[in-house]
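Below: one structure, written as structure tokens.
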Amino acid sequence: MIAVGIDPGLTGAAAFVDSRGTCAIIDMPTVALSGSGLIRRRIDGGALARALREYCPIGEPRVVAIEAVRTMGGKNNAVQTQGSLMRTLGAIEAVLEVLRLSFDSVEPQVWKGFYGLGASKKESMQKALTLYPDAPLRLAEHHNRAEALLIAHWMLRTSQA
């Protein structure tokens, strides 16, 4: 069985793990938007679909979890950023639906609680590297990869499929 974990967002990632302990991670593919707005990229749905199909071949049992995200108010959460996050989530969900990959949304508190993690990105990186020492998680900015990997591992361990 293949488990897919998705950390949504333009800097997010998708991770693929199986019961043999192998993993693969992709950064969320994006394309440039025209204009000079605050948000300059969007999800490349075609590239995401090709990657999902490559790592989740037709006929292979798979489970998919995507981190639940919501808009939040506050002075550090621009409406453009919040809109971009929701646009990104919708694009990812649409790609999954078109590929007929059913998915579950998982609250961050649920999958992080499984590992005893808090909000620290560094802790997430350390836990992911403990589980998958060869994972491409060498830079601080790879925290989204680490979280996608942990979501996939959580899905593999808790799924009833």
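Tabulated values for the structure
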| read-out | value |
| --- | --- |
| Any hit, region 98-116, residues being farther than 24 Å from residue 45 by Cβ and either surrounded by 20 or more Cβ atoms within 10 Å (Cβ to Cβ) or among the basic types (Lys, Arg) (or both) | yes |
| Test for residue 109: is it among the polar types (S, T, N, Q) and closer than 20 Å to residue 145 by Cα | yes |
| Failed item in (1) modelled with pLDDT under 95; (2) within 19 Å of residue 143 (Cβ to Cβ); (3) of a type in the set (Gly, Ala, Ser), with residue 24 passing the rest | (1) |
| Helices (runs of 4 or more DSSP H) completely within region 88-161 that count 1 or more residues being touching a Cys at 6+ places or on another chain (Cβ under 8 Å), under 16 Å from residue 65 (Cβ atoms) and at pLDDT 95 or above | 143-158 |
| Qualifying residue in region 138-148 (condition: of a type outside the set (A, V, I, L, M, F, W, C) and open to solvent by 50 Å² or more (accessible area, probe 1.4 Å)) | yes |
| Residue list for region 18-68, restricted to those being surrounded by 15 or more Cβ atoms within 10 Å (Cβ to Cβ) and assigned to a loop (DSSP other than H, G, I, E, B) | 28, 29, 39, 44, 56, 68 |
| Neighbours by Cβ (under 6 Å, 6+ apart or cross-chain): first from region 79-90, more than 12 Å from residue 42 (Cα to Cα); second surrounded by 13 or more Cβ atoms within 10 Å (Cβ to Cβ) and modelled with pLDDT under 85 | 80/39 |
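The values are calculated or read from the model by the stated rules, or taken from the named source; none is laboratory data. Note that the structure is a prediction, hence the values are computed from the model and not measured. Please note: Cβ atoms are built from the backbone with ideal geometry, for glycine as well, and neighbour counts cover all protein chains shown. For accessibility, only protein heavy atoms count, side chains too; no ligands or nucleic acids. Shrake-Rupley method; radii C 1.70, N 1.55, O 1.52, S 1.80 Å.
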